[in-house]
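Some notes on the structure that comes next.
The values are calculated or read from the model by the stated rules, or taken from the named source; none is laboratory data. Note that the structure is predicted; figures quoted are calculated from it, not measured. Glycine also receives a Cβ, built like all others from the backbone with ideal geometry; neighbour counts cover every protein chain displayed.
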Amino acid sequence: MQWFPPTRAEATSAGERAEAPAEAVAGLDEALAAVDAFDEALVRGLLRPRPDRAAGLTAFAEALSGSPLAARVAEAAEKAVAGAAGEAHFVALAAARTALLGSVHDALTTRVAEVTGRPPSTDEGLPPGGAQAPNLLVAARSWLCDLARSGWQGIDHDLVSASAPVVSAMLPDPALRRLATLLDGFAAELAASCPGATLDRVPVRRWADLWSRALLLTLPGAADAVATGTATGRLLPLGVDLHEHATAVQAQVHAVFEPADGSAPRLVRAGVSAPKPDTVVGAGLWQLLRPHMSLLAAVGEGRSMDLADMPVTAEGDLIWSDAHARPGGAVDAFAAARVSLPAASASATAPLDRHPARIAAPVFLEGYATRTDDEGALTMTVAGTDFAVDADRIPTAGPLTPEAVAASGACIGLLRWDAGTFTVQPLAVETTVRKKAVAVHAGAWAGGTADKAGVKAEKAATDAAAVLRERAGRLLRK
């Protein structure tokens, strides 16, 4: 399952430059302002844009004037201003918007590379193929263009529900499931907001993100995932990033991979997803994920994994198969973060994934001070530079809490970018309990737990799943 996270508005280990992320990035504000101008035009729709929205479209096109897309975007903006834009014009506008945000992503990841000492990757990966069903892609593209014409304030249930037959036809095809999942979730958000004319607040950036991404994924081959090689060596887990939705859950393990041939280590990820009933929450989520990936048990037990010919993409995503992995020896995530993480190189980012909201760079932080303001916001300060702690991303499915972060002296986290500033999402911290150093991990319960709160949540999840299975059995018997 492909997740596209909502847009969310380093301190470092010794020897790294903590002040670098806070420095202004040249051209970043201008690029984001151009994106905002286009996004505001989508609010009212591109069928008959008002003069102020038309000016925004013109400014958006001017921002691309020095790029290879300049002529196409200028024509598309002109047609949109006249209310005569067709599908090819909408695709050009979506591509231009993605390119602008891609430039922001690249500038920010370059800054992250400067801070962490990791050279930015120059590997662009393999080009995608093009084996999807063209008629379904055309149908999806047509619906997305109708959305752009109506605008978010013009949506109604009839317009939104027109996506249902397309999504239903796509879901059985694995090659189309990525786009189908995105369209399904997008349509659900829009349906919950109908009619658009009554909306007091529109998630302008988020819906424009989803619209432009979905539109580009309707181009043949854009959604193809290509495995570019295999990985043989030792995997050192750093932490788990858990994503929870009302009907689905995903765990993404961030790790350092040490190749068996002795070449340089690299950063990799391994993810697993599962559908979920809304009654399963907290530690019960691990029951849904655990059977599908042995790596979660290794994370919970503090062990490495030995990989043999594990498929891996150019972006560093392991296409996990338990047949290519076996448990390794005990490993301390903080030791791995101190020793192996600084030397691990980052992987390339696919063109459609170049978005500032997707930046999640593993970092190791220590020697910081923490403080909590009157509103409960937590901040880390290293070498005089402040970094907001993204406590909202700390899952309830583990023992890690904002209080543990506030009392910590070392942290493994993900460096993210939100609304003009870098933030830190903690994955694990070292703190002191009864004069002893203790490591607290967000994914500590991934492989099972004896913790009272975790055991209680697991039992509740087991009971909920049993009830659901019994009810499903009744329906099938009827």
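Within the group Ala361, Ala343, Ala357, which residue is hydrophobic (A, V, I, L, M, F, W, C), over 22 Å from Met293 (Cα atoms) and surrounded by 21 or more Cβ atoms within 10 Å (Cβ to Cβ)?
Ala361
Could you list, ordered by first residue, the pairs with Cβ atoms under 7 Å in which the first is in region 243-259 and farther than 22 Å from Ile359 by Cα and the second is of a type in the set (Asp, Glu) and crowded, with 22+ Cβ neighbours inside 10 Å, at least 6 apart or interchain?
So the pair list comes out empty.
Pairs please, first residue from region 166-177 and under 18 Å from Ala222 (Cβ atoms), second anywhere and among the acidic types (Asp, Glu), Cβ atoms under 6 Å, 6+ apart in sequence or on different chains.
From region 166-177, the pairs are Val167/Asp184.
Against the definition (surrounded by 14 or more Cβ atoms within 10 Å (Cβ to Cβ) and among the small types (Gly, Ala, Ser)), how does Ala369 come out, yes or no?
When the stated conditions are applied, Ala369 does not pass them.
Exactly one of (1) modelled with pLDDT of 90 or more; (2) within 25 Å of Thr401 (Cα to Cα); (3) aliphatic (A, V, I, L, M); (4) touching a Gly at 6+ places or on another chain (Cβ under 7 Å) is unmet by Ala357. Its number?
Result: Ala357 passes all but (4).
Hey, does region 386-398 have a residue that's more than 24 Å from Val281 (Cα to Cα) and out of contact with any strand residue (DSSP E or B) (no Cβ under 9 Å at 6 or more places or on another chain)?
No; the residues of region 386-398 include none that is more than 24 Å from Val281 (Cα to Cα) and out of contact with any strand residue (DSSP E or B) (no Cβ under 9 Å at 6 or more places or on another chain).
Inside region 391-450, counting only strands (runs of 3 or more DSSP E) that do not spill past its ends, which hold 2 or more residues that are modelled with pLDDT under 90?
So the answer is 421-433, 436-441.
Taking helices (runs of 4 or more DSSP H) that fall entirely within region 142-204, which contain at least 2 residues that are more than 23 Å from the chain's Cα centre (by Cα) and farther than 24 Å from Arg97 by Cβ?
So the answer is 157-161, 164-170.
Quick one: what pairs do we get from region 47-71, first residue modelled with pLDDT under 90, second in a loop (DSSP other than H, G, I, E, B), C-beta under 8 Å, 6+ apart or different chains?
Sorted first by the residue in region 47-71, then by its partner, the pairs are Leu47/Gly83; Leu47/Gly151; Arg48/Gly83; Pro49/Gly83.
Quick check on Ala325: is it surrounded by 18 or more Cβ atoms within 10 Å (Cβ to Cβ), more than 22 Å from the chain's Cα centre (by Cα) and of a type in the set (A, V, I, L, M, F, W, C)?
yes
Out of everything in region 299-317 that is more than 20 Å from His441 (Cβ to Cβ) and hydrophobic (A, V, I, L, M, F, W, C), what residue ends up being farthest from the chain's Cα centre (by Cα)?
Among those that are more than 20 Å from His441 (Cβ to Cβ) and hydrophobic (A, V, I, L, M, F, W, C), it is Ala308.
Would you call Gly262 at pLDDT below 95 and either basic (Lys, Arg) or over 29 Å from Phe186 (Cβ atoms) (or both)?
Considered against the rule, which asks whether it is at pLDDT below 95 and either basic (Lys, Arg) or over 29 Å from Phe186 (Cβ atoms) (or both), Gly262 comes out as yes.
Is it true that some residue in region 73-96 is surrounded by 20 or more Cβ atoms within 10 Å (Cβ to Cβ), outside any helix (DSSP H, G or I) and modelled with pLDDT of 90 or more?
Scanning region 73-96, I find at least one residue that is surrounded by 20 or more Cβ atoms within 10 Å (Cβ to Cβ), outside any helix (DSSP H, G or I) and modelled with pLDDT of 90 or more, so the answer is yes.
Would region 283-296 turn up any residue that is within 19 Å of Ile412 (Cβ to Cβ) and at pLDDT 90 or above?
Among the residues of region 283-296, at least one is within 19 Å of Ile412 (Cβ to Cβ) and at pLDDT 90 or above, which makes the answer yes.
Among the helices (runs of 4 or more DSSP H) contained in region 272-361, which hold 1 or more residues that are in contact with a helix residue (DSSP H, G or I) (Cβ under 7 Å, 6 or more places away or on another chain)?
285-289, 295-301
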